[in-house]
Amino acid sequence: MPRPRPLARLLAETGAVGLYCSVPSPAIVEMIGHAAFDFVILDTEHALVGDSELAGLLRAAEAAGLDALVRVPEGDHGAILRALDAGAAGVVVPHVRCRADVDAAIRVARYFPDGMRSLGGGRAADYGVGDPREVIRRANAEVVLAVLIEDRDGVEAIEEILTGGGVDVVLPGPGDLSQSYGVPWETRHPLVRAAVETIHEACRLHAVPFIPMTTNPEAHARWRAAGATSFVLGDAQDLAARSIRDQRAMAEQPK
């Protein structure tokens, strides 16, 4: 089960700072935890991560005092169940385009009466130790359901997506949004910025935590000034690749 300080409450009350991790390495996950991040988003959509590898990553996060969300592949409801049964603090559902996408995820991620998550007695249920009814209560209260809005359809349906509840966190996906608006990788294009602002405003009106990705001080300051309290500071893969390139460039400096 999630740690005593549920991430859902932390996000809603004080805010939290996280990092994507597209590198299936327990050591990297431990490094993120020991760097005092509050949460990590383990990417199983873009990274080659099997279920057994994911279990190891989740254990590494727990050992490092880190809440782990799992970004599942698009449309894979079985992946939601397996991630949560393995002990993830929550899931990030990509390419949410309409309310039906949310309702389908809720049905898999939450137990009755909120959903119909399949009952199991594995790791997330402490292997059957304790009252199973308390397991259900805690899971429905503490497991984080995060939606990733990265399509034009999702932006246009954001009010519908948030109406009805059940969404704990919203993350924008500027990369895929740029492609959806016909300007691939132009994440600072006015169309993309306007789309992200639309998502942010809807989250504000519905009192749903909004977590922008801020990979530089300027973006971080701008979103903090706009009222954001939680942030994803990039991806460990990108940070490692940049550091490797910078280290190699050091040898090219004039003597």
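The values are calculated or read from the model by the stated rules, or taken from the named source; none is laboratory data. What you see is a predicted model; the values in this text were computed from it and never measured. Here the Cβ positions follow ideal geometry from the backbone for every residue, glycine too, while neighbour counts run over all protein chains shown. What goes into the accessible areas is simple: the full protein's heavy atoms, side chains included, and nothing from ligands, DNA or RNA. Shrake-Rupley method; radii C 1.70, N 1.55, O 1.52, S 1.80 Å.
Computed quantities for the displayed model
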quantity	calculated
Residue match in the stretch 131-140 (condition: farther than 20 Å from ARG82 by Cα and outside any helix (DSSP H, G or I))	yes
Criterion (under 17 Å from ILE80 (Cα atoms) and without any contact (Cβ under 8 Å) to a residue 12 or more places away in the chain) met by exactly one of GLY128, GLY121	GLY121
Test: ALA125 is part of a helix (DSSP H, G or I), at negative phi, out of contact with any strand residue (DSSP E or B) (no Cβ under 6 Å at 6 or more places or on another chain) and open to solvent by less than 20 Å² (accessible area, probe 1.4 Å)	yes
Of the criteria (1) touching a residue at least 24 places away in the same chain (Cβ under 8 Å); (2) of a type outside the set (A, V, I, L, M); (3) open to solvent by 40 Å² or more (accessible area, probe 1.4 Å), which one GLU197 fails	(1)
Elements of type helices (runs of 4 or more DSSP H) contained in the stretch 185-251, each with 2 or more residues being farther than 18 Å from ILE158 by Cβ	217-225, 236-250
First in the stretch 218-235 and more than 18 Å from LEU42 (Cβ to Cβ), second anywhere and among the polar types (S, T, N, Q) and in a loop (DSSP other than H, G, I, E, B), Cβ under 6 Å, 6 or more apart	HIS220/THR214; TRP223/THR214
Unmet criterion (only one of (1) modelled with pLDDT of 95 or more; (2) open to solvent by 10 Å² or more (accessible area, probe 1.4 Å); (3) touching a helix residue (DSSP H, G or I) at 6+ places or on another chain (Cβ under 8 Å); (4) within 18 Å of PRO212 (Cα to Cα)) for ALA68	(2)
Whichever residue in the stretch 72-118 is part of a helix (DSSP H, G or I) and open to solvent by 60 Å² or more (accessible area, probe 1.4 Å) and, among such residues, is farthest from GLY166 (Cα to Cα)	ARG82
Criterion violated by LEU233 - all others in (1) open to solvent by 40 Å² or more (accessible area, probe 1.4 Å); (2) over 16 Å from the mean Cα position of the chain (by Cα); (3) of a type in the set (A, V, I, L, M) satisfied	(2)
Boolean, ASP176 is modelled with pLDDT of 95 or more, crowded, with 17+ Cβ neighbours inside 10 Å, of a type in the set (D, E, K, R) and more than 24 Å from GLU13 (Cβ to Cβ)	yes
Residue match in the stretch 160-174 (condition: over 18 Å from the mean Cα position of the chain (by Cα) and without any contact (Cβ under 8 Å) to a residue 60 or more places away in the chain)	no
Residues being open to solvent by 10 Å² or more (accessible area, probe 1.4 Å) and within 25 Å of HIS189 (Cβ to Cβ) - total across the stretch 163-172	1
